[in-house]
Amino acid sequence: MKKTYALSKAYGTLETTEPIVIEVHTDEGIVGYGECEPWPLFTGESVGTTITVLKEIVPAIIGADPCNIWDIHHRMDRVIKGKLQAKGAIDIACYDILGKAKNMPVHQILGGKQREKMPVMWAIAGSTPEESAAEVLAARDAGYQGCMIKVGGNDYKLDAARTIAVREAVGPDFALNVDANQGWDTDTAIRFGKLVEKCDLMYFEQPVKAGDVYGMAKVRRALNMPISADEGVITIEDALHLIKNEAADIFSIKVSKNGGIMRAKEIINLAKAHGIQIFFNSQIEEGIAQAASLQMGATTSNIVAMGHAYFSPKRLEADICTYEDQINVAEGTVSILDKSGLGIELKQDRIDKYLKQKFEIK
């Protein structure tokens, strides 16, 4: 990463990311690309466990039709339950193959794009109020359409002071949200929320632990601001549980976290039917996963009215594909291309530079 990223007390500080990149080869010479970001504290899956899962599930799909993505998921699920990081990377690669085989962008396969560009936000880590204000001002002046403030630290009053300082610095018309990344218990989250209610936040993301749906609902009832679920909405069963308990106004979608495009679209459609909005978020991703997320964003109507987290490669030393070229920071947008598949190509020199290990399964 270009800069150390201080998250909530639940996660600590990040300096690197270790994505797994998938190439799926077909007998017709088409190659599809996928990506996932295993992170033990977030997804419960590590690089090592994900590689082990890949070695288990890939033999089950060799010889299958990669364009029948339902069947691909069915075959993987018959080998092992869950393990969405590995399955999501394969799902993304299969959608890439499907688009290339049909000479269509994935967004057209998903029903057609509703916009030519998506607004892009920035995110800042924990720091002092003064540093937070300066960094968000710089993001606004650069062109980003909104900013996420990472909170959930040991001192909720300091995080509140940071949030208030940012709002005072950028004025009332710049979109802001806060993300606690499971850092607080219910009472602390409510105390923080009360302190920042006048900041006119777009939403408050994952204030409590992922499994604490009742705590999420309690925070939502107590505060006058929308509540977003991120770590708490991984599967469609999670989404249904949150809906039944009226625990969230927004679902944060991450294509890697949610097990790929097909599974993520199921959650998006369920959310739409229940009046819940979608925020397209990211892990610390390279451009392959970001491109897959963008294909979904292009086709989704129930999205939040602020920038989305399509900026992840800008946090890294380099993107390993051409996705980064679609981001126009000056206007705070990312372009939705009409190229076939995911619309990206790999930058092999960068893969060669950062590659740690490689293996084939035939």
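The values are calculated or read from the model by the stated rules, or taken from the named source; none is laboratory data. Worth saying up front: this structure is predicted, and the values here are computed from it rather than measured. For neighbour counting, all protein chains shown are included, and Cβ atoms are generated from backbone atoms with ideal geometry for every residue, glycine included. What goes into the accessible areas is simple: the full protein's heavy atoms, side chains included, and nothing from ligands, DNA or RNA. Shrake-Rupley method; radii C 1.70, N 1.55, O 1.52, S 1.80 Å.
Let's see how each residue does on (1) buried (at least 22 other Cβ atoms within 10 Å of the Cβ); (2) free of Cβ contacts under 8 Å to residues at least 24 places away in the same chain; (3) of a type in the set (Asp, Glu):
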site	(1), (2), (3)
GLY211	no, yes, no
GLY215	no, no, no
LEU240	no, no, no
ILE243	no, no, no
ILE253	yes, no, no
ASN258	yes, no, no
ILE261	yes, no, no
ILE267	yes, no, no
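Pick from GLY88, GLY34: which is outside any helix (DSSP H, G or I) and in contact (Cβ under 8 Å) with a residue 60 or more places away in the chain?
The unique qualifying residue is GLY34.
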Check your understanding: Do any residues in region 1-20 that are of a type in the set (Asp, Glu) have Cβ atoms under 7 Å from those of residues that are open to solvent by less than 80 Å² (accessible area, probe 1.4 Å) and part of a loop (DSSP other than H, G, I, E, B), where the two are at least six apart or on different chains, and which pairs are they?
Key -> GLU15/MET1; GLU15/THR4
Check your understanding: Within region 115-135, can you find the residues that are within 27 Å of MET296 (Cα to Cα), touching a helix residue (DSSP H, G or I) at 6+ places or on another chain (Cβ under 6 Å) and either open to solvent by 10 Å² or more (accessible area, probe 1.4 Å) or outside any strand (DSSP E or B) (or both)?
Key -> TRP122
Practice item. Take LYS358 and decide whether it is under 20 Å from PRO19 (Cα atoms) and part of a loop (DSSP other than H, G, I, E, B). Key: yes
Exercise for review: Could you run through region 77-96 and say how many residues are open to solvent by less than 10 Å² (accessible area, probe 1.4 Å) and touching an Asp or Glu at 6+ places or on another chain (Cβ under 9 Å)?
Suggested key: 7
Point to revise | Residue ID - surrounded by the most Cβ atoms within 10 Å (Cβ to Cβ), chosen from residues in region 217-238 that are aliphatic (A, V, I, L, M) and within 23 Å of LEU294 (Cβ to Cβ) | key: VAL233
Check your understanding: Scanning for something under 20 Å from THR235 (Cα atoms), touching a helix residue (DSSP H, G or I) at 6+ places or on another chain (Cβ under 7 Å) and small (Gly, Ala, Ser), does region 305-324 turn up at least one residue?
Key -> no
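Taking region 164-188, which residues are touching a Gly at 6+ places or on another chain (Cβ under 8 Å), over 16 Å from ARG140 (Cβ atoms) and aliphatic (A, V, I, L, M)?
Within region 164-188, just ALA180 meets the criteria.
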Review point. Can you find a residue in region 147-167 that is open to solvent by less than 10 Å² (accessible area, probe 1.4 Å) and farther than 18 Å from GLN206 by Cβ?
Key: yes
Review point. For region 63-110, how many residues are of a type in the set (Gly, Ala, Ser) and under 21 Å from the mean Cα position of the chain (by Cα)?
Key: 5
Exercise for review: Look through region 1-31, keep the residues that are assigned to a loop (DSSP other than H, G, I, E, B) and among the small types (Gly, Ala, Ser), and return whichever of them is most open to solvent (accessible area, probe 1.4 Å).
Suggested key: GLY29
Check your understanding: Hey, does region 163-178 have a residue that's of a type in the set (D, E, K, R), at pLDDT 95 or above, within 24 Å of THR13 (Cα to Cα) and over 23 Å from the mean Cα position of the chain (by Cα)?
Key -> no
Study note, to complete from the structure: Among the residues of region 136-146, the number that are buried (at least 17 other Cβ atoms within 10 Å of the Cβ) and of a type in the set (A, V, I, L, M) is 2
Practice item. Considering only residues that are touching a residue at least 60 places away in the same chain (Cβ under 8 Å), part of a loop (DSSP other than H, G, I, E, B) and farther than 26 Å from PHE251 by Cβ, look in region 300-351 and name the one that is least open to solvent (accessible area, probe 1.4 Å). Key: ILE320
Exercise for review: Taking only region 37-51 into account, find how many residues are surrounded by 13 or more Cβ atoms within 10 Å (Cβ to Cβ), farther than 28 Å from LYS100 by Cα and without any contact (Cβ under 8 Å) to a residue 60 or more places away in the chain.
Suggested key: 6
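I'd like the residue in region 37-79 that is in a loop (DSSP other than H, G, I, E, B) and at pLDDT below 95 and, out of all such residues, is farthest from GLN348 (Cα to Cα).
Checked region 37-79; the qualifying residue farthest from GLN348 (Cα to Cα) is GLY44.
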Point to revise | Filtered residues of region 168-187 (kept if surrounded by fewer than 18 Cβ atoms within 10 Å (Cβ to Cβ) and assigned to a helix (DSSP H, G or I)) | key: GLU168, ALA169, ASP187
Exercise for review: Determine which member of the set ALA248, ALA291 is crowded, with 24+ Cβ neighbours inside 10 Å, over 20 Å from TYR144 (Cβ atoms) and at pLDDT 95 or above.
Suggested key: ALA248
